[in-house]
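Here the structure comes first, spelled out in structure tokens, and everything after it is commentary.
The values are calculated or read from the model by the stated rules, or taken from the named source; none is laboratory data. Quick caveat, the model's predicted, so the values are computed rather than measured. A quick note on method: Cβ atoms are made from the backbone with ideal geometry, for glycine too, and the neighbour counts reach across all protein chains shown. Heads up: the accessible areas ignore ligands, DNA and RNA and are worked out on the full protein's heavy atoms, side chains in. Shrake-Rupley method; radii C 1.70, N 1.55, O 1.52, S 1.80 Å.
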Amino acid sequence: MQRYNPIKIEKKWQNKWYDSDTFKAKNKTKSPKFYVLVEFPYPSGDGLHVGHCRSFVAFDAIARKKRMQGFNVLYPMGWDAFGLPTENYAIKRGVHPALVTKKNTDNFKRQMKSLGLSFDWSREINTTSPQYYKWTQWIFVQLFKKGLAYKDKISINWCPSCKIGLANEEVVSGKCERCGTKVEKKEKEQWMIKITKYADRLIDDLNLVDYQERIKIQQKEWIGRSEGAEINFSLDDFNEKIKVFTTRPDTLFGCTFLVLAPEHQIIGKIKSKIKNWQEAEKYIKQAKNKSDLERMENNKNKTGIEIKGIKAVNPANNEKMPIFISDYVMLSYGTGAIMAVPAHDERDFEFAKKYNLPVKEVVLSDGNKSILINSAQFNGMDSKKAKEEITKSVGGKKTVNYKLRDWIFSRQHYWGEPIPMVFCEECARRHDPGQGWHPVPEKDLPVELPKVKKYQPTNTGESPLASMDKWVKVACPECGGNARRETDTMPNWAGSNWYYLRYCDPKNNKKLANEKILKYWLPVDWYNGGMEHTTLHLLYSRFIFKFLWDIAAVPKQIGPEPYKKRTSHGVVLAEGGIKMSKSKGNVVNPDDVIKKYGSDTLRIYEMFMGPFEQMIPWDQKGIVGARRFLEKIYNLSEVKRTAVKSDENFKKLLHKTIKKVSEDIDLMKFNTAVSSLMEFANAWQVSQNTLGKDDFADFLAILSPLAPHLTDELWERAGFKGFCGDSKWPKYDSKLIVEESVLIIVQVNGKVRDKIKVGYNIGQKEAENVALNSSKIKGIIGGNQIKKIIFIPNKLINIVV
RNA sequence: GCCACGGUGGCGGAAUUGGCAUACGCGAUGGACUCAAAAUCCAUUGUCCGCAAGGGCUUGAGGGUUCGACUCCCUCCCGUGGCACCA
């Protein structure tokens, strides 16, 4: 008997698969389509990580099973290759980032192939290839034309180490997500994208899709819609008004002061009347110097200053009240001013306590009802109704606010898509100020990244492209005069915004993808990715899809959402439950595992290690369990598959296993799918029976999505035709699942006392008889009176005495 | 602080959604094979009492509902992730 030698077997089948068209998705077939998508990786120099493998292998199993079930499956792969690590490497070694990228993607591809993943490599894409980013740029131009891309001088999050502006999403507790350096504020002209215009749809359309609940909740919270009202407070002796945003207009009678954000523009207008201006100005300056992080840290100890000499008037009761400036109010949210109701807001209460301000209770809550008090004609009104009524009575306006901000789209780096815009001063002068920006004509796209000598960002915060005079100077597409190119590049989210569209038609040079083909493949049926992308890539790409849908760049029939279903996998941790990181030296390289145990073993182990959605520590010792399982199957297949017909009981177990594996793969319960296959193998080993030929084929078929190399090898040795992966997914026979006899639990007072074997579906009377006749049960009941008997068919009988 | 998820043997984890808790795997112990080791195979493996038959206890803690609770309800503790002065 030969020994199981995965190295030999696996190489052989990988060659056969990739030389044939077996994983190729057809753009037109009679069979139903199924589009399985996993997030494409950033090809780092470290190579593939066992964490990547987990999601790739899981969805490879899903893709393979769907193919066997008769679907025309698209399971593509590509490279999200723009990004800082490659640029940093290029800076250090003086190698062009494109060369580094090529090296890395080659390595990733080799690793993926060595895992036997069933990607359709004929559709491979790379965000850094000009043929691809031509369309990333094209999308930007469309955004600009529709007024959704605009340039604005804003205070951005600036990482002094990376020398790059960061989106809010890339700042984690005041620090740069990438390098951990404390983020600073910097005023800069940036391209912005109006994602806020889509805020409502991004929330509401979540109802149309099948995403894991945790994903929907996180997106909703990130967008942060809150409904409320804007109410104007007039100023005593002054022809100015302060507009506040509140979600609690019902508490207006309890408002005892106003608070302005230090940057609020009205302060300048009323400056002359402020008696303590010097003091106030000092406070404002201090507040401006604080970073967001410092502001946040002070959240227990609020500071502020009253502006003396001016009072605001409460529109509800005409009472005069003081106005404060405090940095606990943010300029960027709502109107930058609030009405403070210390009785019903914790933050206002803290502030009121510190500055000795009155607290006036106006809403009485008792259980599930909230009734207004101390609110004149509104007394006794339900607070929900009062929100509407009070807003109306003071001439307020119902409004909605979002936490979501517009998306900062400029980066000051070399290794990204050039923003295809040209600025013409001549045009700017002729039109109104601020204009002068023109998109590069679509026929001139892509704007290719020029070769530069140095890849470092400049100290002035400009991209290295800015120093390339030859490239920067260009004729104005409008007037033909002297103009300059935009030298900033796009963030690395730009390429991943729409990549799943490109897989449908990756070589199209006329459109981002052909409409008919898009209509066939979209929406993506199942998209899996990391939880960390929920408020980044997933949100951005939903937004961009909606935009493309609005301008009819993608067919209307697809509907407003690109992904039907979204799930996410748990992170693979290092042994001991800590994060795998290069600096800790605990990163597991799949190459090493494959070399030692084989890729089917790695695949099985990654699926078996624990629930797919949960994070899970790597266990080097545990891998041998997966290897032993495959060896067992290999050996059994050599000696125990010769029968014409399987034993009936054995066949039953097989059909139960078919049912379990079929259901579990669909539910991503890969760990229990593997364990049921192990149970089958154990039973096979212990039994004296051999497995019949057809049943053997069925067994290989249900194992093949998880261990495709081994099953194809055994398939061939058994004399079956073609690839096992091209065979039909077996259907279980429901008659075989049903037991003829079942073991019924007999309980006395809820405690298990006996187990009896009875016929399937026997009635209560019959079961009672058998149970009461058991000598064990008789002994336990003794002379006690039977009060009640509970009977659950085919499961249990409980005698209460 | 708020939201989400989780807490089950020495370890990773199962449990048809209210019906045998600890499947499957790792590890451990003993045995077979071997000159020996590895590999493999067999047996045992939640815990306590007991020579044994057998019995008690056990799913983070406490309470409740129920004939019956890992599962449902209430109170609390711990861990992970996200948000966080968002008015």
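In the range A:551-583, how many are open to solvent by 80 Å² or more (accessible area, probe 1.4 Å) and either in contact with a Leu (Cβ under 8 Å, 6 or more places away or on another chain) or away from RNA strand B (no atom under 13 Å from the Cβ) (or both)?
Matching residues across the range A:551-583 total 6.
When you scan the range A:458-482, how many residues do you find that are surrounded by fewer than 13 Cβ atoms within 10 Å (Cβ to Cβ) and either assigned to a loop (DSSP other than H, G, I, E, B) or free of Cβ contacts under 8 Å to residues at least 40 places away in the same chain (or both)? Let's see the steps before the verdict.
Of all residues in the range A:458-482, those surrounded by fewer than 13 Cβ atoms within 10 Å (Cβ to Cβ) come to A:459-460, A:469-470, A:473, A:475, A:480-482.
Now narrow it down to the ones that are either assigned to a loop (DSSP other than H, G, I, E, B) or free of Cβ contacts under 8 Å to residues at least 40 places away in the same chain (or both): A:459-460, A:469-470, A:473, A:475, A:480-481.
The total comes to 8.
So, in the range A:705-737, how many residues would count as being in a helix (DSSP H, G or I), free of Cβ contacts under 8 Å to residues at least 24 places away in the same chain and surrounded by fewer than 20 Cβ atoms within 10 Å (Cβ to Cβ)?
Going through the range A:705-737, the residues in a helix (DSSP H, G or I) turn out to be A:708-717, A:724-726, A:734-737.
With free of Cβ contacts under 8 Å to residues at least 24 places away in the same chain added as a condition, the list becomes A:711, A:715-716, A:734-735.
Checking the rest, the ones that are also surrounded by fewer than 20 Cβ atoms within 10 Å (Cβ to Cβ) come to A:716, A:734-735.
Total meeting the criteria: 3.
With the condition kept exactly as written, say whether any residue in the range A:657-679 is part of a helix (DSSP H, G or I), open to solvent by 50 Å² or more (accessible area, probe 1.4 Å) and either of a type in the set (S, T, N, Q) or in contact with a Leu (Cβ under 6 Å, 6 or more places away or on another chain) (or both).
From the range A:657-679, those part of a helix (DSSP H, G or I) are A:657-666, A:670-679; that's our starting set.
Remaining after also requiring open to solvent by 50 Å² or more (accessible area, probe 1.4 Å): A:659-660, A:663, A:666, A:679.
Then drop every residue that is not either of a type in the set (S, T, N, Q) or in contact with a Leu (Cβ under 6 Å, 6 or more places away or on another chain) (or both), which leaves none.
No, the range A:657-679 has no match at all.
Could you list, ordered by first residue, the pairs with Cβ atoms under 8 Å in which the first is in the range A:322-341 and closer than 22 Å to residue A:309 by Cβ and the second is crowded, with 21+ Cβ neighbours inside 10 Å and hydroxyl-bearing (Ser, Thr, Tyr), at least 6 apart or interchain?
Pairs that qualify, where the first residue is closer than 22 Å to residue A:309 by Cβ and the partner is crowded, with 21+ Cβ neighbours inside 10 Å and hydroxyl-bearing (Ser, Thr, Tyr), are A:338/A:246; A:339/A:246.
Checking residue A:347 against (1) buried (at least 20 other Cβ atoms within 10 Å of the Cβ); (2) over 14 Å from residue A:265 (Cα atoms); (3) near RNA strand B (Cβ under 7 Å from one of its atoms), which single condition isn't satisfied?
That leaves (1) as the condition not met.
Show the residue pairs that are 6+ apart or on different chains and have beta-carbon atoms under 6 Å apart, the first residue being within the range A:578-599 and farther than 20 Å from residue A:615 by Cβ and at pLDDT below 85, the second being in a loop (DSSP other than H, G, I, E, B) and open to solvent by 50 Å² or more (accessible area, probe 1.4 Å).
none
Is it true that residue A:514 is in contact (Cβ under 8 Å) with a residue 40 or more places away in the chain, over 28 Å from residue A:57 (Cβ atoms) and open to solvent by 10 Å² or more (accessible area, probe 1.4 Å)?
On the way: in contact (Cβ under 8 Å) with a residue 40 or more places away in the chain: no; over 28 Å from residue A:57 (Cβ atoms): yes; open to solvent by 10 Å² or more (accessible area, probe 1.4 Å): yes.
Answer is no for this residue.
Within the bounds of the range A:239-246, is there any residue that is within 27 Å of residue A:317 (Cα to Cα), open to solvent by 70 Å² or more (accessible area, probe 1.4 Å) and among the polar types (S, T, N, Q)? I'd like the intermediate steps shown before the answer.
Restricting attention to the range A:239-246, the residues satisfying the condition of being within 27 Å of residue A:317 (Cα to Cα) are A:239-246.
If we keep only those that are open to solvent by 70 Å² or more (accessible area, probe 1.4 Å) too, we end up with A:239, A:241, A:243.
Then keep just the ones that are among the polar types (S, T, N, Q); that gives A:239.
Checking the range A:239-246: at least one residue is within 27 Å of residue A:317 (Cα to Cα), open to solvent by 70 Å² or more (accessible area, probe 1.4 Å) and among the polar types (S, T, N, Q).
Please go through the range A:6-28 and pick out each residue that is of a type in the set (Lys, Arg) and either in a helix (DSSP H, G or I) or in contact with a helix residue (DSSP H, G or I) (Cβ under 9 Å, 6 or more places away or on another chain) (or both). If you could, list the steps in order and put the result at the bottom.
Keep residues of the range A:6-28 that are of a type in the set (Lys, Arg), which gives A:8, A:11-12, A:16, A:24, A:26, A:28.
Within the range A:6-28, A:8, A:11, A:12, A:16, A:24, A:28 meet the criteria.
Among the residues of the range A:316-338, which ones are open to solvent by less than 40 Å² (accessible area, probe 1.4 Å), more than 7 Å from RNA strand B (Cβ to nearest atom) and in contact with a helix residue (DSSP H, G or I) (Cβ under 9 Å, 6 or more places away or on another chain)?
If the condition is that a residue be open to solvent by less than 40 Å² (accessible area, probe 1.4 Å), more than 7 Å from RNA strand B (Cβ to nearest atom) and in contact with a helix residue (DSSP H, G or I) (Cβ under 9 Å, 6 or more places away or on another chain), then A:316, A:324, A:325, A:326, A:337 are the ones that fit.
So which residues in the range A:388-407 are within 15 Å of RNA strand B (Cβ to nearest atom) and open to solvent by less than 70 Å² (accessible area, probe 1.4 Å), if there are any at all?
Across the range A:388-407, the qualifying residues are A:390, A:391, A:394, A:396, A:399, A:400, A:401, A:402, A:404, A:406, A:407.
Name the residue that is nearest to residue A:591 (Cα to Cα), counting only residues in the range A:50-71 that are open to solvent by less than 10 Å² (accessible area, probe 1.4 Å) and basic (Lys, Arg).
Among residues in the range A:50-71 that are open to solvent by less than 10 Å² (accessible area, probe 1.4 Å) and basic (Lys, Arg), the one nearest to residue A:591 (Cα to Cα) is A:54.
Please work out which residue is farthest from residue A:89 (Cα to Cα), limiting yourself to the range A:9-49 and to residues that are among the acidic types (Asp, Glu) and open to solvent by less than 70 Å² (accessible area, probe 1.4 Å). Working first, answer last.
Filtering the range A:9-49 down to residues among the acidic types (Asp, Glu) leaves A:10, A:19, A:21, A:39, A:46.
Of the ones still in play, those that are also open to solvent by less than 70 Å² (accessible area, probe 1.4 Å) are A:10, A:39.
Values: A:10: 34, A:39: 24 Å.
It comes out as A:10.
Go through the residues of the range A:609-627 one by one and say whether even a single one is open to solvent by 80 Å² or more (accessible area, probe 1.4 Å), within 30 Å of residue A:688 (Cβ to Cβ) and near RNA strand B (Cβ under 8 Å from one of its atoms).
Within the range A:609-627, not a single residue is open to solvent by 80 Å² or more (accessible area, probe 1.4 Å), within 30 Å of residue A:688 (Cβ to Cβ) and near RNA strand B (Cβ under 8 Å from one of its atoms).
Does residue A:361 satisfy being more than 15 Å from RNA strand B (Cβ to nearest atom) and surrounded by 14 or more Cβ atoms within 10 Å (Cβ to Cβ)?
Numbers: more than 15 Å from RNA strand B (Cβ to nearest atom): yes; surrounded by 14 or more Cβ atoms within 10 Å (Cβ to Cβ): yes.
Here the answer is yes, as residue A:361 does meet what is asked.
Only residues that are touching a Gly at 6+ places or on another chain (Cβ under 9 Å) and charged (D, E, K, R): list them for the range A:734-752, please.
In the first step, residues of the range A:734-752 are kept if they are touching a Gly at 6+ places or on another chain (Cβ under 9 Å); the result is A:740-742.
Answer for the range A:734-752, where residues must be touching a Gly at 6+ places or on another chain (Cβ under 9 Å) and charged (D, E, K, R): just A:740.
Tell me, which residue of the range A:428-457 that is touching a helix residue (DSSP H, G or I) at 6+ places or on another chain (Cβ under 7 Å) and charged (D, E, K, R) is most open to solvent (accessible area, probe 1.4 Å)?
Within the range A:428-457, the match that is most open to solvent (accessible area, probe 1.4 Å) is A:454.
Being among the charged types (D, E, K, R), within 15 Å of RNA strand B (Cβ to nearest atom) and modelled with pLDDT under 90 is the filter here; which residues of the range A:628-651 pass it? So that I can check it myself, show each step before the final result.
Our first condition is that a residue be among the charged types (D, E, K, R); within the range A:628-651, this holds for A:628, A:631-632, A:638, A:640-641, A:645, A:647-648, A:651.
Now drop any that are not within 15 Å of RNA strand B (Cβ to nearest atom), which leaves A:628, A:631-632, A:638, A:640.
Correct list: A:638, A:640.
Just a yes or no: is a residue in the range A:341-353 basic (Lys, Arg), in a loop (DSSP other than H, G, I, E, B) and either over 39 Å from the mean Cα position of the chain (by Cα) or farther than 24 Å from residue A:227 by Cβ (or both)?
No.
Starting from the range A:671-684, take each residue that is of a type in the set (A, V, I, L, M, F, W, C) and at pLDDT below 95 and list its partners that are open to solvent by 30 Å² or more (accessible area, probe 1.4 Å) and near RNA strand B (Cβ under 9 Å from one of its atoms), counting only C-beta distances under 8 angstrom and pairs at least six apart or across chains.
A:681/A:632
List the pairs whose first member sits in the range A:78-107 and is modelled with pLDDT of 95 or more, whose second member is in a strand (DSSP E or B) and of a type in the set (Phe, Trp, Tyr), and whose Cβ atoms are under 7 Å apart, counting only residues at least 6 apart or on separate chains?
A:105/A:79
Do we have any residue at all in the range A:633-650 that's open to solvent by less than 60 Å² (accessible area, probe 1.4 Å), within 30 Å of residue A:527 (Cβ to Cβ) and part of a helix (DSSP H, G or I)?
no
Quick one: in the range A:191-238, which of the residues that are open to solvent by 20 Å² or more (accessible area, probe 1.4 Å) and hydroxyl-bearing (Ser, Thr, Tyr) is farthest from residue A:490 (Cα to Cα)? Before you say what the answer is, go through the steps one by one.
Let us first name the residues in the range A:191-238 that are open to solvent by 20 Å² or more (accessible area, probe 1.4 Å), namely A:194, A:196-197, A:200-201, A:204-205, A:207-208, A:210, A:212-214, A:216-218, A:220-222, A:225-227, A:230, A:232, A:234, A:236-238.
Narrowing further to those that are hydroxyl-bearing (Ser, Thr, Tyr): A:196, A:226, A:234.
On the way: A:196: 19, A:226: 31, A:234: 44 Å.
If we take residues in the range A:191-238 being open to solvent by 20 Å² or more (accessible area, probe 1.4 Å) and hydroxyl-bearing (Ser, Thr, Tyr), then A:234 is farthest from residue A:490 (Cα to Cα).
Across the range A:210-258, what is the total count of residues that are of a type in the set (Val, Ile, Thr), part of a strand (DSSP E or B) and near RNA strand B (Cβ under 8 Å from one of its atoms)? Before the answer, list the steps.
Narrowing the range A:210-258 to residues of a type in the set (Val, Ile, Thr): A:215, A:217, A:223, A:231, A:242, A:244, A:246-247, A:251, A:256.
Next cut, part of a strand (DSSP E or B) only: A:231, A:242, A:244, A:246.
The next check asks that each one be near RNA strand B (Cβ under 8 Å from one of its atoms); those that pass are A:244, A:246.
Of the residues in that region, 2 qualify.
Can you name the residue in the range A:101-124 that is buried (at least 22 other Cβ atoms within 10 Å of the Cβ) and aliphatic (A, V, I, L, M) and is also farthest from residue A:66 (Cα to Cα) among such residues?
Within the range A:101-124, the match that is farthest from residue A:66 (Cα to Cα) is A:115.
If you go through the range A:531-550 one residue at a time, how many are closer than 14 Å to residue A:496 by Cα and away from RNA strand B (no atom under 16 Å from the Cβ)?
Result for the range A:531-550: 5.
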